[in-house]
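Shown next, in structure tokens, is the structure this report addresses.
The values are calculated or read from the model by the stated rules, or taken from the named source; none is laboratory data. Quick caveat, the model's predicted, so the values are computed rather than measured. Cβ atoms come from the backbone with ideal geometry, glycine included; neighbour counts cover every protein chain shown. SASA here: full protein model, heavy atoms, side chains in, ligands and nucleic acids out. Shrake-Rupley method; radii C 1.70, N 1.55, O 1.52, S 1.80 Å.
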Amino acid sequence: FKNNEINSSLILSSPHSGSFYPEDFLSLSNIQLPDLIQNEDSLVDHLIDETLDNNNIILKAVWSRSVVDVNRAINDFHHNDFDPPIIDLEPLPTKYARSGIGVIPIRSGINDKMYISKLPGGVGMKWLNLAWRSYHNTLNNLLNKAYSKSGHYVLFDFHSMPSFSETKQKHADIVLGDCHGKSIGSNFIDFIETQLKKSGLHIKRNSPYSGGYITEHYGKPKEGKHTIQIEINRSIYLNEKSREKNSNFSECKKVLSELINQCEKNKLNLLS
């Protein structure tokens, strides 16, 4: 993560912008790297890595979500996805694992089998310890420090989405996810939406993305713990095929920087 001190209770995270693929993954993978890259939230960490008024902490994942998805619960898997199975964790599969996209995805974004053969449980457990635990241990530490210092925290969890859905419906420019009103105070999400609309962006809430594990797990507004998922339409800042910045990248970055700074400036009023 960027910076060493907690200068603000507003923390930024980018859990899907990682692009590291370990050697044991590459040797077992059934999918070509260019196809895997299409599943990454490319450049999201660069979009929010701006000169911010309060030098907000930015935490980004290193590992690719195709290897370990830190926006899933650590036990969101099936025993029979691994051979031999993972024995150090009791599985608790959700709809994601049942679809093959649990904490260690066994299907790719194009719905092909991720691996040549079943992944050994020992390898899966090693990856979870290296990628999942390190990310969440760090995030927990940052949020606990912010909470201890300020009596609250606000976590902005940034993601990106394809410009069109699987049914060819065009997505909004930005989708704000608050688990349908459960993860952040209503004043705060109203303010975020208003700020983004000032830039002429088309904003939707909770459709088609209402928030993943991070939003659900860390968002407890009644305790002063606020979390929002911010999904950015990739077409407004990059070329979706090449994953290179497009001509609007700098403007998109400026809009997000202004959003963060305005939320920082008005944070205490919004939380009161």
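Close contacts from the stretch 144-170, counting a first residue that is under 24 Å from Lys222 (Cβ atoms) and among the charged types (D, E, K, R) and a second that is in a strand (DSSP E or B) and open to solvent by less than 100 Å² (accessible area, probe 1.4 Å), with Cβ to Cβ under 6 Å and a gap of 6+ residues or different chains, come to Asp157/Ser13; Asp157/Gln229.
Rundown of residues vs (1) hydrophobic (A, V, I, L, M, F, W, C); (2) surrounded by fewer than 18 Cβ atoms within 10 Å (Cβ to Cβ), yes/no style:
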| residue | (1), (2) |
| --- | --- |
| Gln229 | no, no |
| Ile236 | yes, no |
| Ser250 | no, yes |
| Val255 | yes, no |
| Leu259 | yes, no |
| Ser272 | no, yes |
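Looking across the stretch 231-249, just one residue is of a type in the set (Phe, Trp, Tyr) and either in a loop (DSSP other than H, G, I, E, B) or in contact with a Gly (Cβ under 9 Å, 6 or more places away or on another chain) (or both), and that is Tyr237. Report, ordered by the first and then the second residue, all pairs with beta carbons closer than 9 Å, sequence separation of six or more or different chains, a first member in the stretch 116-127 that is open to solvent by 50 Å² or more (accessible area, probe 1.4 Å), and a second member that is among the acidic types (Asp, Glu) and assigned to a helix (DSSP H, G or I). Taking only residues 6 or more apart or on different chains, the pairs are Lys118/Asp81; Lys126/Asp24.
Residues are listed down the side, and each one gets a yes or a no for (1) within 18 Å of the chain's Cα centre (by Cα); (2) over 24 Å from Ile74 (Cα atoms); (3) surrounded by fewer than 20 Cβ atoms within 10 Å (Cβ to Cβ); (4) of a type outside the set (A, V, I, L, M, F, W, C):
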| position | (1), (2), (3), (4) |
| --- | --- |
| His180 | yes, no, yes, yes |
| Ser186 | no, yes, yes, yes |
| Glu193 | no, yes, yes, yes |
| Lys198 | no, yes, yes, yes |
| Ile214 | yes, no, no, no |
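On the stretch given as the stretch 184-205, residues that are over 12 Å from Ile230 (Cβ atoms), without any contact (Cβ under 8 Å) to a residue 60 or more places away in the chain and in a loop (DSSP other than H, G, I, E, B) total 3.
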